[in-house]
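Below is one structure, written out as structure tokens, with a few remarks after it.
The values are calculated or read from the model by the stated rules, or taken from the named source; none is laboratory data. It should be emphasised that the depicted structure is a prediction, and the values quoted were computed from it without experimental measurement. Here the Cβ positions follow ideal geometry from the backbone for every residue, glycine too, while neighbour counts run over all protein chains shown. What goes into the accessible areas is simple: the full protein's heavy atoms, side chains included, and nothing from ligands, DNA or RNA. Shrake-Rupley method; radii C 1.70, N 1.55, O 1.52, S 1.80 Å.
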Amino acid sequence: MDQPTEETQFVVDEVSNVIKEAIESTIGGNSYTHSKVSQWTNGVVESCLASLTKLQKPFKYIVSCVIMQKNGAGLHTASSCYWDNTTDGSCTVRWENKTMYCIVSVFGLAI
């Protein structure tokens, strides 16, 4: 199998920037508002998918987003993948402001 090049590999820094831009443009400086969480989570994942698609890399993407109010409650998550480490990858970003956490994970699976 050929060695992956910059154009065909999952670049974590690039994906991390996509996620951060999606969160900032969707949530930005807003305070936690329960009635808007569904809209925000959908906005973040759709924005991520749109930006990742524009990179025109040979991947199928899975994007998940969790928004949680800052109130002292704990949240523990884990994921495990059985894939080809030379081509596939994942990136998780935790973003926060004074009132909430936003955790976004992207998984890229080479086509």
(Q) Test of understanding: among S64, S80, S51, which residue is under 26 Å from H34 (Cα atoms), among the hydroxyl-bearing types (S, T, Y) and free of Cβ contacts under 8 Å to residues at least 60 places away in the same chain? (A) S64
Q: Being among the basic types (K, R) and open to solvent by 80 Å² or more (accessible area, probe 1.4 Å) narrows it down to one of K57, K20, so name that one.
A: K20
Q. Restricting attention to the stretch 60-82, which residues are aromatic (F, W, Y) and open to solvent by 70 Å² or more (accessible area, probe 1.4 Å)?
A. Y82
Q) If you check E14, E6, which single one turns out to be modelled with pLDDT of 95 or more and either in a helix (DSSP H, G or I) or open to solvent by 60 Å² or more (accessible area, probe 1.4 Å) (or both)? A) E14
(Q) The conditions are (1) without any contact (Cβ under 8 Å) to a residue 40 or more places away in the chain; (2) open to solvent by 50 Å² or more (accessible area, probe 1.4 Å), and G29 fails exactly one of them. Which is it? (A) (1)
**Q.** Test: K20 is in a helix (DSSP H, G or I), under 18 Å from E96 (Cβ atoms) and touching a Phe, Trp or Tyr at 6+ places or on another chain (Cβ under 8 Å)
**A.** yes
Q | the stretch 83-111 - residue that is among the aliphatic types (A, V, I, L, M) and in contact (Cβ under 8 Å) with a residue 40 or more places away in the chain and, of those, surrounded by the fewest Cβ atoms within 10 Å (Cβ to Cβ) | A | I111
